[in-house]
1. Any residue that is within 15 Å of residue 172 (Cα to Cα) and at pLDDT below 95 - is there at least one of those in the stretch 20-30?
2. Out of the stretch 1-15, which residues are modelled with pLDDT of 95 or more and out of contact with any helix residue (DSSP H, G or I) (no Cβ under 9 Å at 6 or more places or on another chain)?
3. Give the residues of the stretch 36-86 that are in contact with a Cys (Cβ under 6 Å, 6 or more places away or on another chain) and surrounded by fewer than 22 Cβ atoms within 10 Å (Cβ to Cβ), sorted by residue number.
4. Scanning for something touching a residue at least 40 places away in the same chain (Cβ under 8 Å) and in contact with a Ser or Thr (Cβ under 8 Å, 6 or more places away or on another chain), does the stretch 176-190 turn up at least one residue?
5. Specify which of the listed residues (97, 121) is hydroxyl-bearing (Ser, Thr, Tyr) and surrounded by fewer than 20 Cβ atoms within 10 Å (Cβ to Cβ).
6. Tell me, which residue of the stretch 70-103 that is outside any strand (DSSP E or B) and of a type in the set (Asp, Glu) is farthest from residue 218 (Cα to Cα)?
7. Looking at the stretch 140-161, is at least one residue under 23 Å from residue 45 (Cβ atoms) and either among the charged types (D, E, K, R) or touching a residue at least 12 places away in the same chain (Cβ under 8 Å) (or both)?
8. Does any residue in the stretch 196-219 that is at negative phi come within less than 7 Å, Cβ to Cβ, of a residue that is of a type in the set (S, T, N, Q) six or more places away or on a different chain, and which pairs are these?
Amino acid sequence: MARELYTARLEKKICISQVAQCYHLEFVLDGMESFPFAPGQFISAVATDPNGKQQTRAYSIASASRENRFDLCINRVEGGFFSNYLADLTDLPVGGTIQIHGPHGHFILQEPITDSILLATGTGIAPMRGFAQWLFPPEDGPDAGPNAGEDRSNGKDIWLIYGTRHETDVYYQEEFEALARRKPNFHYLPTLSRALPAWTGLRGYVQEHASKIVEERAHRLGLPLPQPPVDPSIPKADLCFDIYCYICGLNFMVSAARERLAAYGWHRKQIVFERYD
């Protein structure tokens, strides 16, 4: 059965990293009052390439639901079609439109909200931005909606660990730093794998810093590591945990992070992930 297509008009396009050629795009669905989705879901964009072939690509939504709007975060890809089509002003100028269908996907926050570790690399930051906006809606500005200023975190600790190679590739840094100043239970931890000497932040890979958080939290709360096995009599649908980890990035990072967490006795249901390669 054919999926229903919607027309999304590009309202804003900003290059947020010249070096990485990363773009932030804001779309509006004219003629629709709302476009509801859960933070972390994705849309599929549809377009025809120069050879006349219809192409479809999935992109995580880089915002929380707000009226009839959504944001994307995309990198240009050498030799690719779709991301370059979205990035080029000649192909998709402000005011231009694309066809989409969705929302899709199950990479969403588990409820009730618990302490949570968000791990991302590259454009895997997109769904994490959606999580952060939903948990801590902006108090004002263009992204503030009817729930402006509401705190949905239930006071739980939320760690966002974002990994990339160079400082020029840290996307949405000012936005997350401002949120960390506003909300003491939101902890923003960018880390670089190829940092220059002047970098004063964290170094290394995201899974290494996730391990430190898990160990320090367990020590502070007096919890055993590795965790005791889950009672097998509990139906899978009824499983709930006091902490989850949400991972989005390339397969290598996702696999490495899952392996680290499994070594602590974490159940696979505690580790929610999405790969984009």
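1. Within the stretch 20-30, one or more residues are within 15 Å of residue 172 (Cα to Cα) and at pLDDT below 95.
2. To start, the set of residues in the stretch 1-15 that are modelled with pLDDT of 95 or more comprises 5-15.
Across the stretch 1-15, the qualifying residues are 5, 6, 7, 8, 9, 11, 12, 14.
3. Applying the first criterion (in contact with a Cys (Cβ under 6 Å, 6 or more places away or on another chain)) to the stretch 36-86 yields 62, 75.
Once the filter is applied, which keeps residues that are in contact with a Cys (Cβ under 6 Å, 6 or more places away or on another chain) and surrounded by fewer than 22 Cβ atoms within 10 Å (Cβ to Cβ), the stretch 36-86 yields only 75.
4. Yes: one or more hits.
5. Going through 97, 121 in turn, the sole match is 97.
6. So, considering only residues that are outside any strand (DSSP E or B) and of a type in the set (Asp, Glu), the one farthest from residue 218 (Cα to Cα) is 91.
7. Yes, the stretch 140-161 contains a residue that is under 23 Å from residue 45 (Cβ atoms) and either among the charged types (D, E, K, R) or touching a residue at least 12 places away in the same chain (Cβ under 8 Å) (or both).
8. So the pair list comes out as 201/191; 202/191; 203/191; 205/193; 206/121; 206/191; 209/191.
The values are calculated or read from the model by the stated rules, or taken from the named source; none is laboratory data. A quick note: this is a predicted structure, and the numbers were derived from the prediction, not measured. Methodologically, a virtual Cβ is constructed for each residue, glycine included, from the backbone with ideal geometry; neighbour enumeration extends over all protein chains shown.
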